[in-house]
Amino acid sequence: DRALSAALLARSRGEDRLPPLPSVRECNAAIRSYGDAGDLLAALRLFGRMRRIRRAEVSPTLVTYSTLMSRAVSLGKPRVALRLWDIARGSPSFSVDGGEGLLVPDVRSANILMNAYAKLGWVPEAADLMAQMRGGGGGDVPPGARPNVVTYNTYIDACYRAGEVGTGIAALRTMVEDGIVPDATTYSSL
């Protein structure tokens, strides 16, 4: 990991005598490893280096953002995940309208965003994201990012955390109407 960080830093300074720059895949694996080890700060530092280099071979991709966001949420830092989402949305590569960018959100990334809202108990934001997903896209998701059982379970969890049980039950009804089969997690969230 130190060699990876050193190579990224040196390359960003234009020092070409150094070993080849690690690929974005290698950087993503290191971010995942740091996050899994509970070292969110190291993962964020590596992410920052990737952004500063601004070269295609290490530019953060949707996998980079999703990996880092999911680790932040799992480590109890949902606000960090939301900030990362804001950074992704501000990227020129971000696209929800079918563009060719590297950062086209998918159901997984939307579910991670939903999980951050759930951990914070932010039902209005979670409801807005759900409406975008059910309605065929919007500011945070493209038309193809339709809600699945994980999306609904996470939304119901957000309702539960905020004490809005009625909203959670209404979401369960909508889930069934949308043809998504509730699972054990769905019922345990209520």
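The values are calculated or read from the model by the stated rules, or taken from the named source; none is laboratory data. All values reported here derive from a predicted model rather than from experimental measurement. Positions of Cβ are backbone-derived with ideal geometry, glycine not excepted, and every protein chain shown enters the neighbour counts. For the accessible areas, the whole protein counts, side chains as well, though only heavy atoms, and no ligand, DNA or RNA atoms are used. Shrake-Rupley method; radii C 1.70, N 1.55, O 1.52, S 1.80 Å.
Surface analysis of segment 28-158 yields an accessible area of 43 Å² per residue, using protein heavy atoms and a 1.4 Å probe. Rg over Rh for segment 106-152 works out to 0.92, using Cα positions for both radii and the Kirkwood form for Rh. Hand me the trypsin sites (Lys or Arg not before Pro) from segment 28-91 located in a DSSP loop with no more than 14 other Cβ atoms within 10 Å, in residue order please. Hits after loop and neighbour filter: Arg54, Arg55. Each label point was placed 7 Å from the Cα along the Cα-to-Cβ direction; for Glu177 and Asp36 their separation is 4.1 nm. Across segment 89-190, the convex hull enclosing all Cα atoms gives 86 Å³ per residue.
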